[in-house]
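The values are calculated or read from the model by the stated rules, or taken from the named source; none is laboratory data. The structure displayed is predicted, hence computed values, not measured ones. Glycine also receives a Cβ, built like all others from the backbone with ideal geometry; neighbour counts cover every protein chain displayed. Only protein heavy atoms, including side chains, enter the accessible area calculation; ligands, DNA and RNA are left aside. Shrake-Rupley method; radii C 1.70, N 1.55, O 1.52, S 1.80 Å.
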Amino acid sequence: MRTTLKLAAVLAALGLFVAACGGDAEETTTTTAPAALKDIVDTAVEAGSFTTLVTAVEAAGLVDTLKGEGPFTVFAPTDEAFDALPEGALEGLLADIPGLTDVLLYHVVPGKVMAADVAGLTSATTAQGSDLEISVEDGTVMIDGATVVITDIEASNGVIHVIDAVLLP
């Protein structure tokens, strides 16, 4: 009987505590500032699916440029896109720094062009100087025949759109 009374007393006290805490008291909320965006290079490194692109950017000496103020729009081929190049093509590009630089700058458009803006364009002039052909086929944005598979990855100095092929000027 004593145990039952003690248990009842503890439960009653617990009930009063819960009622007191859950009443009309003001709620406290905590907000945190959004995480700072990383630049285009650091964003690509962190994603983990652009190791070949990052290696090529490093080999071409474009890291500082793509870490710069920008803004830049980068159509970023995945590692799988580089793997799909003909055998020896990547090695050939890595051995030809001026050619590699042209190819990489062909993936960069000056300014920050979000997906909604890209869909309304038919072309865009790249940092390399040539124009990319842009089309929309069945709701899918195509850049020079490459499919845009992920859009609007924001970075502190621009935006990345992921594509499934390497663009060649």
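Considering every residue within region 44-52, establish whether at least one is over 20 Å from residue 115 (Cα atoms), open to solvent by 40 Å² or more (accessible area, probe 1.4 Å), assigned to a helix (DSSP H, G or I) and not hydrophobic (A, V, I, L, M, F, W, C). Yes.
Within region 123-141, if we keep just the residues that are at pLDDT 95 or above and open to solvent by 20 Å² or more (accessible area, probe 1.4 Å), the residue that is nearest to the chain's Cα centre (by Cα) turns out to be 127. When residues in region 112-154 are screened for being assigned to a strand (DSSP E or B), under 26 Å from residue 99 (Cβ atoms) and among the small types (Gly, Ala, Ser), 3 of them pass. Figure legend. Inter-residue proximity from region 108-137: first residues in contact (Cβ under 8 Å) with a residue 24 or more places away in the chain and among the β-branched types (Val, Ile, Thr), second residues part of a strand (DSSP E or B) and open to solvent by 60 Å² or more (accessible area, probe 1.4 Å), beta-carbon distance below 8 Å, spacing 6+ or different chains. Indicated pairs: 109/125; 118/151.
Of all residue pairs spaced 6 or more apart or on separate chains, those with beta-carbon atoms under 6 Å, a first member in region 140-169 that is touching a residue at least 24 places away in the same chain (Cβ under 8 Å) and a second member that is among the basic types (Lys, Arg) and not in a strand (DSSP E or B) are 158/112; 159/112. There is at least one residue in region 54-64 that is touching a residue at least 40 places away in the same chain (Cβ under 8 Å) and open to solvent by 30 Å² or more (accessible area, probe 1.4 Å).
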